[in-house]
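The values are calculated or read from the model by the stated rules, or taken from the named source; none is laboratory data. Just so you know, these numbers come straight off a predicted model, no measurement behind them. Cβ atoms come from the backbone with ideal geometry, glycine included; neighbour counts cover every protein chain shown.
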Amino acid sequence: MKITIITTGGTIDKIYFDRMSDYEVGDSLVTALLEEANVTADYKVLSILKKDSLDLTNSDRTLIRDTIQKDNTSHFVITHGTDTMHLTAGMLRGISGKVIVLTGAMQPARSRSTDAIFNIGSALTAVQLLKPGVYIAMNGRIFHAGRCHKNRKQNCFEEIKDMDSTP
């Protein structure tokens, strides 16, 4: 099984310059992290965006969707900023015959204390085991698209209990 990993930017790829949180989204570290972890799954990495998720537009989300639909691969991991990951996941719903797992990080992959490596590993494992659909892998959990949101106070993703209160 071939897995396509699409990188779009977000905190996972941020580079911070000072204590005032001045940053830019840099080159993705996904390939280096997977090589360092000696991942033997068959994968390819496509870097299509380098944006904070708050800066993503519907055109960017359409680019992500079109990239998936045009790719012959049926299994995808997307690294994405956490603030609007749920919006992109929602736009990807309805793509048939493909397993799509979005993941991100609360701390940049370049930080000593980061959740990026764990989340990428979780997403890479999940994409190999799940049925076709769209999912979010964060904080050691797998959520169905549309059934989770980011809890900014607790700095984690959580399931939406009442579907009428979708953020």
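Here are the criteria: (1) out of contact with any Lys or Arg (no Cβ under 8 Å at 6 or more places or on another chain); (2) over 18 Å from Gln128 (Cα atoms); (3) not acidic (Asp, Glu). Tell me which single one Leu29 does not satisfy. Every condition holds for Leu29 apart from (1). Being farther than 26 Å from Asp27 by Cα, in contact with a helix residue (DSSP H, G or I) (Cβ under 6 Å, 6 or more places away or on another chain) and modelled with pLDDT of 90 or more narrows it down to one of Ala145, Ala137, Ala116, so name that one. After applying the criteria, what remains is Ala145. The residues on offer are Thr62, Thr57, Thr67, and the sole one that is more than 17 Å from Ala109 (Cβ to Cβ), surrounded by fewer than 19 Cβ atoms within 10 Å (Cβ to Cβ), of a type in the set (S, T, N, Q) and touching a residue at least 40 places away in the same chain (Cβ under 8 Å) is Thr67. Listed here are the strands (runs of 3 or more DSSP E) enclosed by segment 38-108 that have at least 2 residues being basic (Lys, Arg): 42-51.
Would you confirm whether or not segment 16-29 contains a residue that is assigned to a strand (DSSP E or B), buried (at least 21 other Cβ atoms within 10 Å of the Cβ) and within 17 Å of the chain's Cα centre (by Cα)? Yes - at least one qualifying residue is present in segment 16-29. Restricting Val77, Val99, Val127 to those that are in contact (Cβ under 8 Å) with a residue 24 or more places away in the chain, touching a Gly at 6+ places or on another chain (Cβ under 9 Å), under 25 Å from Thr62 (Cβ atoms) and among the aliphatic types (A, V, I, L, M) reduces the list to Val99. Look at segment 135-160: where a residue is among the polar types (S, T, N, Q), no partner that is at pLDDT 95 or above and part of a strand (DSSP E or B) sits 6+ places away or on another chain with Cβ atoms under 6 Å.
Go through segment 118-135 and give me each residue that's in a helix (DSSP H, G or I), buried (at least 17 other Cβ atoms within 10 Å of the Cβ) and among the aliphatic types (A, V, I, L, M).
Once the filter is applied, which keeps residues that are in a helix (DSSP H, G or I), buried (at least 17 other Cβ atoms within 10 Å of the Cβ) and among the aliphatic types (A, V, I, L, M), segment 118-135 yields Ile120, Ala123, Leu124, Ala126, Val127.
When only residues in segment 93-117 that are over 12 Å from Thr79 (Cβ atoms) and small (Gly, Ala, Ser) count, which is surrounded by the most Cβ atoms within 10 Å (Cβ to Cβ)? Filtering first and then ranking leaves Ser111.
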